[in-house]
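Here the structure comes first, spelled out in structure tokens, and everything after it is commentary.
The values are calculated or read from the model by the stated rules, or taken from the named source; none is laboratory data. What you are looking at is a predicted structure, and each value in this text was computed from that prediction instead of being measured. Counting neighbours? That spans all protein chains shown, and the Cβs are built from the backbone with ideal geometry, glycine included. Ligands, DNA and RNA are excluded from the accessible area calculation, which covers all protein heavy atoms including side chains. Shrake-Rupley method; radii C 1.70, N 1.55, O 1.52, S 1.80 Å.
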Amino acid sequence: DDDDNHDLDVLTSQETDEWSSPRELVEPLDAAVGGFDLDPCSGAEESPFAAETYTEADDGLAQEWFGTVWVNPPYSEMSAWTEKATTADADVVYYLCKGDSSTEWWQQAIEAADALCCIDHRLSFGDGGNSAPFASHIFVFGEPSQAAIEELQNHGAVLPEVFE
């Protein structure tokens, strides 16, 4: 199933799928990687995680990605964002997504990943007081540092370099 639209209203009935990343997940990972250079899906956060950000108006899909990248993509466009994340000319991409192995985009991600963190709890996105009704994963495209792997292990099982 490659239908991205079924993910749009999963979190709430709001008309947006631009949600801020869970700070308790991203901030320790940011410290472990020595700071994210880019967040191409920024705009929902009160304060940015990365040194450089692209908002919806900047169209992160059309921009060059570089350095260490944090991505929490809009779930309505998973195929396009996964394509970009798996082919970007960046050092390392940390890609937060729904754990949906029944989709073509997820299968593309697993084929390209250098590591995968299967988060062991439901995340809360944005200002939502409730946790998401689905599992979340962080795919890593590019070689993660040992410090990054250790931080990811604080959030769930990490499968490094099993995809070769």
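Data overview
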item	result
Selection count where residues are in contact with a Leu (Cβ under 6 Å, 6 or more places away or on another chain) and either free of Cβ contacts under 8 Å to residues at least 12 places away in the same chain or surrounded by 23 or more Cβ atoms within 10 Å (Cβ to Cβ) (or both), scope the range 78-98	0
Hits in the range 55-98 - residues which are closer than 16 Å to residue 141 by Cα and assigned to a loop (DSSP other than H, G, I, E, B)	64, 65, 66, 67, 72, 73, 88, 89, 90, 91
Residue list for the range 55-77, restricted to those being over 20 Å from residue 106 (Cβ atoms) and open to solvent by 50 Å² or more (accessible area, probe 1.4 Å)	55, 56, 57, 58, 59, 62, 63, 64, 66
The range 99-112: number of residues that are outside any loop (DSSP other than H, G, I, E, B), touching a residue at least 60 places away in the same chain (Cβ under 8 Å) and surrounded by fewer than 22 Cβ atoms within 10 Å (Cβ to Cβ)	1
Residue among 116, 96, 123, 152 that alone is closer than 18 Å to residue 70 by Cβ, in contact with a strand residue (DSSP E or B) (Cβ under 7 Å, 6 or more places away or on another chain) and modelled with pLDDT under 80	123
Residue check for residue 66: modelled with pLDDT under 85 and in contact with a Leu (Cβ under 9 Å, 6 or more places away or on another chain)	no
